[in-house]
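Here, each number is a calculation from the coordinates, and none is a lab measurement. Everything numeric in this text was worked out from a predicted model, so none of it was measured. FYI the Cβ positions are ideal-geometry reconstructions off the backbone, even for glycines, and counts take in every protein chain you see.
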Amino acid sequence: MTSFQIREMTGGDLDAVGDVTAAGNFGDRREFFRLAVALSSCRPIVAMSDGHPIGTGLGSIHGDVGWVGVIFVTPELRGRGIGRALTEAVCEILEGAGCRSLVLVATDLGRPVYERLGFREQTRYHMHPGEPHGEPPSVPPGTNLRPITPADLDAVAALDRRVAGEERRPLIEAYASDGWLLSDDDAAAGLRGYLLPTHRGNAALIAPRPEDALCLIDLHRHLTPKDARAWTGLLTDNEQGRRLLTERGSMEWRTFPRMVRGSEPEWKPEMIWGQFNHAMG
Ligand SMILES: CC(C)(COP(=O)(O)OP(=O)(O)OC[C@H]1O[C@@H](n2cnc3c(N)ncnc32)[C@H](O)[C@@H]1OP(=O)(O)O)[C@@H](O)C(=O)NCCC(=O)NCCS
């Protein structure tokens, strides 16, 4: 029996945590957890045994909706209930913070653990890798594509809230300096969509109109370094978007289940084209 304790992750844990996730083929998550430790909406945790990290987890509080992410256990200690204990700890943190819908994106290894804890598949994320390309996107007539400024944050957060059904302002602010928005030439008509590139070719992308989304997807490809992929992630519910991407020759790489426990958030999945990452939505 392995004895372990679960506690809050701090900045002092980042190097050891980065080493253990990298050694366990889960990637070096140092920079990701550095952001999580700093963000007011995030509660990262670590499982410790004999003074060493052996597992991780993250809760992200987005108003009524809470995200469960980066549940990881070092490979030699799997199958002993540590993954379940980490998941339960994150769920308790989120429910304690008032979240009524708990959401996650599951891998094949994680899914059975989550099902036993009452999560069910709600829909799926369809992941498309985009080749980087040099040309700037062509912009729909009557619109204006430009970097996000601090004065835009209220409008970006309001569009995000209306579509995602979550309060993600801290995340939006964390990535806003690299973000872009598409608006009507007539500024009073408002915001039509946004792109917030994050890490590893991911980008949150919300646009109610498909033609605007395609423009922002092309911008994402234009901004992505040549040695990376520009990912888009569409929900099963975004049937028109998935058809349009297929018509453009974009290949679906694979799909991941979005699982929910508690009430289903009110959202507009057909207007979502990309995620910050799979740990926070
Ligand atoms: C997913 C992951 C965190 C699960 O961690 P874990 O510690 O193995 O999880 P648990 O031990 O709680 O549960 C796993 C299995 O062990 C079984 N188990 C749980 N407690 C047990 C115990 N005390 N004794 C023996 N088996 C036990 C569970 O029933 C489960 O059985 P299953 O193989 O039929 O699913 C781990 O596989 C991992 O890190 N994977 C890579 C990262 C990843 O994919 N994370 C999920 C992101 S969504």
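Geometric descriptor of the range 71-192, per residue, is 179 Å³ (volume of the convex hull of the Cα atoms). Pairs of Cα atoms nearer than 8 Å and 6+ residues apart set the relative contact order; for the range 13-158 it is 15 percent.
Taking the Cα centre of each part, how many Å lie between the range 1-68 and the range 199-218? A separation of 29 Å, based on Cα centres. Less than 5 angstrom separates the built amide H of Asp237 from those of Arg124, all sequence-distant by 5 or more or on a different chain.
Annotation for the range 207-252: trypsin sites (Lys or Arg not before Pro) lying in DSSP loop with at most 14 further Cβ atoms inside 10 Å of their Cβ are Lys226, Arg248. Value of Rg to Rh for the chain, rounded to two decimals, is 0.98; Kirkwood radius and Rg both from alpha-carbon coordinates. Using DSSP, restrict attention to beta bridges with both residues in the chain and report what percent are antiparallel, rounded to the nearest 5. The antiparallel fraction comes to roughly 95 percent.
When the charge dipole of the chain is built from unit charges on Cβ atoms (+1 for Lys and Arg, -1 for Asp and Glu) and taken about the Cα centre, the candidate among Gly79, Gln275, Ala176 whose Cα reaches farthest toward its positive end is Gly79.
The percentage of C-alpha pairs in the range 1-117 whose separation is greater than 18 Å is 47%.
Amide H to amide H, with H built 1.01 Å from N, Thr198 comes under 5 Å of Ala203, Ala204, counting only residues 5 or more places away or on other chains.
Can you give the longest run of the chain that contains no GluC sites (Glu not before Pro) sitting in a DSSP loop with at most 14 other Cβ atoms inside 10 Å? Longest run free of exposed loop sites: 1-251. Per residue, the convex hull spanned by the alpha carbons of the range 124-263 comes to 121 Å³. Counting pairwise Cα distances across the range 240-281, what percent come out greater than 13 angstrom? The calculated P(r) of the range 240-281 puts 70 percent of pairs beyond 13 Å. Mean separation of Cα pairs under 8 Å and 6 or more residues apart, divided by the residue count, gives the chain a relative contact order of 21 percent. Here the range 5-99 is treated with +1 on each Lys and Arg Cβ and -1 on each Asp and Glu Cβ, and its dipole about the Cα centre works out to around 120 debye. Placing +1 on the Cβ of every Lys and Arg and -1 on the Cβ of every Asp and Glu, with nothing else charged, gives the chain a dipole about its Cα centre of roughly 620 debye. The separation of the range 115-175 from the range 225-281, counted between C-alpha centres, amounts to 10 Å. Based on C-alpha pairs under 8 angstrom that are at least 6 apart in sequence, the range 5-99 has a relative contact order of 25 percent.
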